[in-house]
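A short write-up of the structure that comes next.
What follows draws every value from the coordinates through simple rules; no lab data is involved. Small disclaimer: the values here were computed from a predicted structure and weren't measured. Cβ sites come from the backbone with ideal geometry, for glycine too, and all protein chains shown count toward neighbours.
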Amino acid sequence: MNRSLVIASAVVFASIGLTACGGGSDKGSDSAPANTASANTDAKTVVKVDGKDLTGVDLSNVGCAKQGDRFAIGAGGASGGVGATLKDGNPPTVETVGITVDGTALAVGPGVGKATVKVDGDRYTISGTASGASISNPMAGMVSKDFEIVVTCK
């Protein structure tokens with residue numbers, strides 16, 4: 001039960017990051033450079049789960065948003081979404097990842113899954129193993145899947 005709560009929390013945090021990526025900037029902020037949002041239009045975003053391309057998510061319009069020392073990346077679609085939150089650092093660290101694939105909600109968060117990020121200029125490659133369960137049958141048990149998210153954010 002405790003592990004389910006951790007996974008649910010990680011998915012919620014990743015969803016918050018996904019929502020933050022929708023665009024626009026924080027008009028209440030006095031520091032524009034620290035609070036930015038953009039859409040990925042320059043380079044192709046790739047999301048793979050267990051070596052297969054993620055389907056059902058519009059990867060042509062990935063949002064990237066920076067708020068303080070957190071950076072959120074996300075995209076949604078008719079049958080799910082993908083989102084990640086990173087914390088500034090050298091290198092940055094992955095705080096959460098949430099991916100919906102084939103009816104399964106997968107997450108990385110405190111005590112669940114593992115992920116790392118590599119940065120090359122504006123290009124982020126987040127990879128690791130996410131854990132989760134079937135959305136329609138959560139009692140079926142836990143699954144873990146390898147993933148990779150490659151996105152350019154400006």
Nitroxide proxy distance, nm - points 7 Å out along Cα→Cβ at SER79 and LYS52
0.9
So what are the ³J(HN,Hα) numbers for segment 139-154, from phi and the Karplus equation (6.51, -1.76, 1.60; θ = phi - 60°), rounded to whole Hz, Gly and Pro as x?
7, 5, x, 7, 10, 10, 9, 6, 9, 8, 10, 10, 8, 9, 10, 10
In nm, to one decimal, how far is the modelled label at SER60 from the one at ARG123, with both set 7 Å along Cα→Cβ?
2.2
Packing-based order for 44-54, 93-103, using average beta carbon neighbours within 10 Å, highest first:
93-103, 44-54
I need two numbers for segment 91-154: Rg to one decimal and Dmax as a whole number, Cα atoms only, in Å.
12.9, 42
What is the calculated FRET efficiency for ARG70 to LYS114, with r their C-beta to C-beta distance and R₀ = 25 Å, to the nearest 0.05?
0.85
